[in-house]
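S.K.: This structure is in structure tokens; I'll ask about it shortly.
The values are calculated or read from the model by the stated rules, or taken from the named source; none is laboratory data. Just so it is clear, the structure is predicted and the values come from calculations on it, not from any experiment. Neighbour counts are summed over all protein chains in view; Cβ atoms, including those assigned to glycine, are modelled from backbone coordinates with ideal geometry. To get the accessible areas, we keep the full protein, side chains included, count just its heavy atoms, and leave off ligands, DNA and RNA. Shrake-Rupley method; radii C 1.70, N 1.55, O 1.52, S 1.80 Å.
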Amino acid sequence: DVKVTQSSRYLVKRTGEKVFLECVQDMDHENMFWYRQDPGLGLRLIYFSYDVKMKEKGDIPEGYSVSREKKERFSLILESASTNQTSMYLCASSQGGNQPQHFGDGTRLSIL
Amino acid sequence: GIQVEQSPPDLILQEGANSTLRCNFSDSVNNLQWFHQNPWGQLINLFYIPSGTKQNGRLSATTVATERYSLLYISSSQTTDSGVYFCAVERRYGGATNKLIFGTGTLLAVQP
């Protein structure tokens, strides 16, 4: 079975802090994704990566950056956390082509 | 961009009842997935079904790609089926990376 692991289920940080969310997959997948989920807005794509050191902006990249130094790990970075970044963050991976995406358990991030 | 609409938005069932959830999409798609998000926020893959019919236990799904809709059937519902059901589609514009576009979901509550 595909395993996508997010480093924290719950995280509380303060405004202005630099925040790192980590995601690791164990299936040698090419593609990795970061989404955020908000009530009434559904899941929205922040960034994705189709290869090591490669990244592309999704629909809502403002205020975020990403890092993919190794194939199995994809990090989401909040450079200076703000209260409007309080949300549920979900990481996913896929082999690409006609293959499904598999999701981690999510991180509920609160910015105070 | 492509629009994904799900119906009904909310559904309450008695345990043991059957239900059908619908997903309409506005353009041709390369891939379609159904997910169940449980009350703890975990997003579980149900089906990867760009076309045709698949079954997994009490759940089955049918996608009619030419008519741009997909149906998820839940039979003999159980309280553990409660949660939000999402349909997500991918349309590729020449690239290989599968970016999913999510519907707004159907909130299902199964009562004992």
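S.K.: From the list A:I46, A:I60, which one is open to solvent by 20 Å² or more (accessible area, probe 1.4 Å), within 14 Å of chain B (Cβ to nearest Cβ), hydrophobic (A, V, I, L, M, F, W, C) and touching a strand residue (DSSP E or B) at 6+ places or on another chain (Cβ under 6 Å)?
M.R.: A:I60
S.K.: Just the residues that are at pLDDT 90 or above and either under 14 Å from B:F25 (Cα atoms) or open to solvent by 30 Å² or more (accessible area, probe 1.4 Å) (or both), please, taken from the stretch B:85-100.
M.R.: Correct list: B:F86, B:C87, B:A88, B:V89.
S.K.: Go through the residues of the stretch B:11-34 one by one and say whether even a single one is open to solvent by less than 40 Å² (accessible area, probe 1.4 Å), modelled with pLDDT of 95 or more and at positive phi.
M.R.: The answer is no; no qualifying residue exists.
S.K.: Within the stretch A:88-112, can you find the residues that are in contact (Cβ under 8 Å) with a residue 40 or more places away in the chain and either surrounded by fewer than 20 Cβ atoms within 10 Å (Cβ to Cβ) or away from chain B (no Cβ under 14 Å) (or both)? Step through it out loud before you land on a result.
M.R.: Of the stretch A:88-112, the ones in contact (Cβ under 8 Å) with a residue 40 or more places away in the chain are A:88-96, A:101-112.
Result: A:M88, A:Q95, A:G96, A:D105, A:R108, A:S110, A:I111, A:L112.
S.K.: Residues of the stretch A:23-43 being under 30 Å from B:Q6 (Cα atoms), open to solvent by 80 Å² or more (accessible area, probe 1.4 Å) and either more than 10 Å from every other protein chain (Cβ to nearest Cβ) or of a type in the set (D, E) (or both), which ones?
M.R.: A:P39
S.K.: Looking at (1) surrounded by 15 or more Cβ atoms within 10 Å (Cβ to Cβ); (2) in contact (Cβ under 8 Å) with a residue 40 or more places away in the chain; (3) within 29 Å of A:Y50 (Cα to Cα); (4) small (G, A, S), which is the one condition that is false for B:S82?
M.R.: (3)
S.K.: Name the one entry in A:F20, A:F74 that is of a type in the set (F, W, Y), open to solvent by less than 30 Å² (accessible area, probe 1.4 Å), more than 10 Å from chain B (Cβ to nearest Cβ) and over 21 Å from B:V4 (Cβ atoms).
M.R.: Details: A:F20 fails: open to solvent by less than 30 Å² (accessible area, probe 1.4 Å).
Only one candidate qualifies: A:F74.
S.K.: For the stretch B:35-53, name all the residues that are open to solvent by less than 20 Å² (accessible area, probe 1.4 Å) and either in contact with a Pro (Cβ under 7 Å, 6 or more places away or on another chain) or under 15 Å from B:I101 (Cα atoms) (or both).
M.R.: The answer is B:F35, B:L43, B:I49.
S.K.: Filter the stretch B:60-74 down to the residues that are surrounded by fewer than 21 Cβ atoms within 10 Å (Cβ to Cβ) and touching a Ser or Thr at 6+ places or on another chain (Cβ under 8 Å) and list them by number. Full working, then the answer.
M.R.: Going residue by residue through the stretch B:60-74, those that are surrounded by fewer than 21 Cβ atoms within 10 Å (Cβ to Cβ) are B:60, B:62, B:64-69, B:71, B:73.
Matches in the stretch B:60-74: B:S60, B:T62, B:V64, B:A65, B:R68, B:Y69, B:L71, B:Y73.
S.K.: Take the residues of the stretch A:77-87 that are open to solvent by less than 50 Å² (accessible area, probe 1.4 Å) and either over 30 Å from B:I49 (Cβ atoms) or touching a helix residue (DSSP H, G or I) at 6+ places or on another chain (Cβ under 7 Å) (or both): which is nearest to the other protein chains (Cβ to nearest Cβ)?
M.R.: Only one residue fits best here, namely A:Q85.
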